[in-house]
Amino acid sequence: MSLSIKDFSEVSELPPQTLRFYHSEGLLVPAEVDEATGYRYYAIEQVETALLVTALRGTGMSVKLVRRALEAPDTASALLKEHAEALERQREAEDEAVATARELLISWPEVQRKETPGTTVLSKAVPAVAVQRRRGQPDRYDWEEVTAAVSATVGELITLAEGQGAAVAGTAWFSWAGETTEQKEQALTEQGPHWLAKLPIVAGPETLAALAEKVDVQTFEAREELSIQLPGRNSMPKYSTAVSRLVTQAPEGFFPDFSGLRHILHEDGVETAMRLRPLSEAEGLT
């Protein structure tokens with residue numbers, strides 16, 4: 001039994017223009033096309049294919065993915081699973097964006113002045129994240145990838161510290177890899193590394209000595225800082241906003257020390273902290 005495109009449109013609930021589009025894309029090819037008139041005719045059995053195409057497209061799958069699923073039915077379930085996982089990640093990102101927007105609209109984060117105590121930290125270079133280049137656009141540094149790389153490195157430090165019997169003593173952070181001349185030179189290249197992960201710990205002398213054989217063990221000096229925490233995932237606009245706020249709100253008699261800039265990792269955002277130094281110390285740092 002052959003159906004005209006009009007009749008097939010009614011039984012499949014797909015508009016004729018959609019059927020023509022699916023034909024051109026190879027998703028739903030008519031059983032017959034009249035060479036003289038160009039009229040399309042469909043077999044009644046093709047309603048099943050139309051139903052499957054509609055279901056897959058209804059999930060948001062692209063025409064390309066739907067075509068792959070139809071051409072290789074044995075891979076269709078895996079393709080749908082991958083698509084569902086991508087949708088879940090997208091929904092999570094959208095929910096996070098809504099929460100971030102709500103927080104910024106209700107109450108814009110304020111700069112805080114605080115005394116940060118000294119502590120012992122483990123320090124490790126974070127694997128470099130490649131700069132993304134897009135034609136006609138400025139080079140883009142992917143802050144989400146930076147945060148992911150930092151989190152992975154912090155996880156390694158936690159495993160190392162706890163394995164040696166040390167206790168994690170606070171929230172981890174990352175800072176620019178510019179503590180030595182070699183680090184500064186490498187940090188200015190695309191290869192990097194560009195960042196150092198820092199983990200505050202408490203441990204006895206023997207444990208610290210054992211850790212020092214595997215990773216840098218440093219003393220973090222007590223300091224006065226300005227800090228601001230922006231909600232959600234880190235990004236270049238958030239980084240720029242944080243630095244701008246901190247620089248412009250340095251109190252009288254102090255200057256912001258960029259070498260002491262820290263990005264402190266929190267579950268609900270990243271806190272940017274900048275060390276404050278008295279103006280009397282400025283000459284000694286030049």
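Of all lysines in the structure, the ones whose alpha carbon falls short of 27 Å from that of LYS238, not counting any fewer than 8 places away in one chain, are LYS114, LYS124, LYS184, LYS198. Each eigenvalue of the Cα gyration tensor of segment 74-202, multiplied by 5 and square-rooted, gives one semi-axis; in descending order these are 31, 22, 21 Å.
Dividing the summed -39500 (n - 2.57) terms of all DSSP H runs of n ≥ 4 by the residue count of the chain sets its mean residue ellipticity at 222 nm at -13500 deg cm²/dmol.
Here, the chain yields an orientationally averaged convex hull projection of 23.6 nm² when only Cα atoms define the hull.
Return the carbon/sulfur percentage of the accessible area of segment 1-137, one whole number, probe 1.4 Å, all protein chains in place. Roughly 53 percent of what the probe reaches on segment 1-137 is carbon or sulfur. Beyond 18 Å, the tail of the calculated P(r) for segment 172-286 holds 61 percent of the Cα pairs. Per residue, the accessible area of the chain comes to 59 Å² when a 1.4 Å probe rolls over the protein heavy atoms.
Can you tell which of LEU211, LEU51, LEU199 shows the greatest fluctuation in a Gaussian network model of the chain with Cα springs below 10 Å? Top of the fluctuation ranking is LEU51.
Do any GluC sites (Glu not before Pro) in segment 1-105 lie in a DSSP loop with no more than 15 other beta carbon atoms within 10 Å, and if so, which? Passing sites in segment 1-105 are GLU13, GLU25, GLU35, GLU45.
Counting only lysines at least 8 places from LYS81 when in the same chain, those with an alpha carbon closer than 23 Å to its own are LYS64. What FRET efficiency would be calculated for the residue pair ALA55, LYS6, taking the C-beta separation as r and a Förster radius of 22 Å, to the nearest 0.05? So the FRET efficiency works out to roughly 0.45.
The values are calculated or read from the model by the stated rules, or taken from the named source; none is laboratory data. As the structure is a prediction and not an experimental result, all values here were calculated from the model. Reconstructed Cβ throughout: ideal geometry from the backbone, glycine too, with neighbour counts over all protein chains shown. With ligands, DNA and RNA removed, areas are computed over all heavy atoms of the protein, side chains included. Shrake-Rupley method; radii C 1.70, N 1.55, O 1.52, S 1.80 Å.
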